[in-house]
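The values are calculated or read from the model by the stated rules, or taken from the named source; none is laboratory data. Since the model is a prediction, treat every value here as computed from it, not as a measurement. Quick reminder, even Gly has a Cβ in these numbers, built from the backbone with ideal geometry, and neighbours come from all protein chains shown.
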Amino acid sequence: MAPRMDPAWTSLLPPLLAIGLALAFRQVIVALAAGVWVGASLFAGDPGRGFLHAIDRYAVGALADVDHASVVILSLLLGGMVGIIARSGGAGGLADAVTRFATSRRRGQCAAWLLGIAIFFDDFSNSLLVGTSMRPITDRLRVSREKLAFVVDATAAPVASLAVISSWIGMEIGLIGEQYRLAGIDGDPYWVFVQTLPYRFYPILMLWFGLLLVATRRDFGPMRKAELRAAREGKLIADGARPAASFEGAELTADEKTPRRWINAAAPIGVTVATVVVGMWLDGRARLLEADPDASLSLAAVFGKANSYHALLWASLAGCVCAIGLVTAQRILGIRQAMEAWLAGVKAMVVAVVILVLAWSLGAVCKDLGTAEFIVGAIGGWLPAGLLPALVFVVSALVSFATGTSWGTMGILFPLVIPLAHELAPGDEAIMLGAISSILAGSVWGDHCSPISDTTVLSSMACSCDHVDHVRTQLPYALVVGLVGLVAGDLPCGLGWYSEWVGLGLGAAMLACVVWLVGRPVDDG
């Protein structure tokens, strides 16, 4: 192993290369792999040895870590559970349960919004299920395809990124836990994730903004023109528009004869959530009492002491067993079909796992090279710590928009931002939580808006909307919400002017004013 070198400007090359290649070629895996190789070469002093160390030292080291292995298994188990839920018709049944009251344009849009909230466990499933389930209903009610695609896209990534159980959770807590460990910061990654939730200004305010628009029947900008066209002329798409093809995946699609029972989705998800809560309480309580028999068993103390990896592993396994047991007991799927669906869901998580391993490897490379120490030495003198959350949100949003991947953006920025926040404001929980939240929120903004984002494309496809029209009509809305979140939340909360809850309330009020003052009613239906 090469000796630890003093931090130098060359320590910036691995993350900068990863960002640059991701922006240029929109291939995040290649970009992260190149960053790891260059960093390993700098540390080893030889490109050949660096190439070898990228796999035998950094990639293997990333997977050999017990917490990392837990996150990988967790992600694969959750993916398998989602696969069974989709293939068995449970997700479709959950969609049917929400759409029964859609009898007017307002109710139709509200049903789409509620369904987007209900399918919180995966953004891809959200986009596909909500779009395909609601499109026939909203077509009949003369809701434009652009508006449906916006509602679908505005709930998919935002709600999945906020959910305490989703296909995102392994990625998020894995990145948080790794950087906390490298920086020597105490804290359970799952509990840190929970604490960041009120700082997620963009996804929370976007969910609120979407509800405001559908409840008040007000729109503005290109979206209002699309809605007027659909409501008054019955044209669901613009003249000359080319709707995207519908997305179909046989391995994760229920057969037409399969009964669509909502309980087959709600029960596994409910079991998973309940097991997480109970597991963390029991584990944290045991650890707390072992350390101090007279310790106070407050909720914060118990959950802060719990090993979230254990609880999440128990929960995801319980969810898989529940999902398989339900569908086989009802003879919806045979055991062979259920396992095929489970494996298909596992396969869907492979890319996320690869990104995670490479992100962990890049973080270890940056640690060896002293990247964070160099950045702090270079900008620490002029960058006030209070501005970090706002700056991180802007950078994260730009990278995610340009690359079209929120997970790739997280993998690139986490190894830089957490050590930087720790150095600029050691012990300042608000700055750290704000910086972490800004990575996650900015990544969601880019995922929501980018024309090359998976969920943006899937929303267009599932809603049979022209992709360019979808991006063009929703971008003004996303810019408004992002700006409000930045001005009312990230900036003043980072500077300590008021709490994150005040920021959320003020942001919600500002968006209500925008909808009321700028938006105009489309019809009286």
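Descriptive notes on the structure:
- Once the stretch 140-156 is narrowed to residues that are at pLDDT below 90 and in contact with a Ser or Thr (Cβ under 9 Å, 6 or more places away or on another chain), the residue that is farthest from S450 (Cα to Cα) is L141.
- Cβ pairs under 6 Å, 6+ apart, first in the stretch 48-62 and within 20 Å of V30 (Cβ to Cβ), second polar (S, T, N, Q): G50/S41; Y58/S361; A59/S361; A62/S361
- Filter result for D447 (farther than 24 Å from T216 by Cβ, in a helix (DSSP H, G or I) and at pLDDT below 95): yes
- L148 vs. criteria in contact with a Cys (Cβ under 8 Å, 6 or more places away or on another chain), part of a helix (DSSP H, G or I) and buried (at least 22 other Cβ atoms within 10 Å of the Cβ): yes
- Qualifying residue in the stretch 334-342 (condition: in the same structural domain as F414 (by TED's automatic domain parsing), part of a helix (DSSP H, G or I), loosely packed, with under 14 Cβ neighbours inside 10 Å and of a type in the set (D, E, K, R)): yes
- All positions within the stretch 440-464 that are of a type in the set (A, V, I, L, M, F, W, C) and either within 16 Å of A478 (Cβ to Cβ) or under 16 Å from the mean Cα position of the chain (by Cα) (or both): L440, A441, V444, W445, C449, I452, V457, L458
For every residue, the table says whether it meets (1) in contact (Cβ under 8 Å) with a residue 40 or more places away in the chain; (2) aromatic (F, W, Y).
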| residue | (1), (2) |
| --- | --- |
| I436 | yes, no |
| T456 | yes, no |
| L479 | no, no |
| V484 | yes, no |
| V487 | no, no |
| W501 | yes, yes |
| G505 | no, no |
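- Test: residue in the stretch 452-462 that is in contact with a Lys or Arg (Cβ under 8 Å, 6 or more places away or on another chain) and closer than 21 Å to A112 by Cα: yes
- One residue from V271, V321 being under 22 Å from G93 (Cβ atoms), without any contact (Cβ under 8 Å) to a residue 12 or more places away in the chain, β-branched (V, I, T) and in a helix (DSSP H, G or I): V321
- Residue check for I169: out of contact with any Phe, Trp or Tyr (no Cβ under 6 Å at 6 or more places or on another chain), assigned by TED's automatic domain parsing to the domain that holds T473, touching a residue at least 12 places away in the same chain (Cβ under 8 Å) and buried (at least 24 other Cβ atoms within 10 Å of the Cβ): yes
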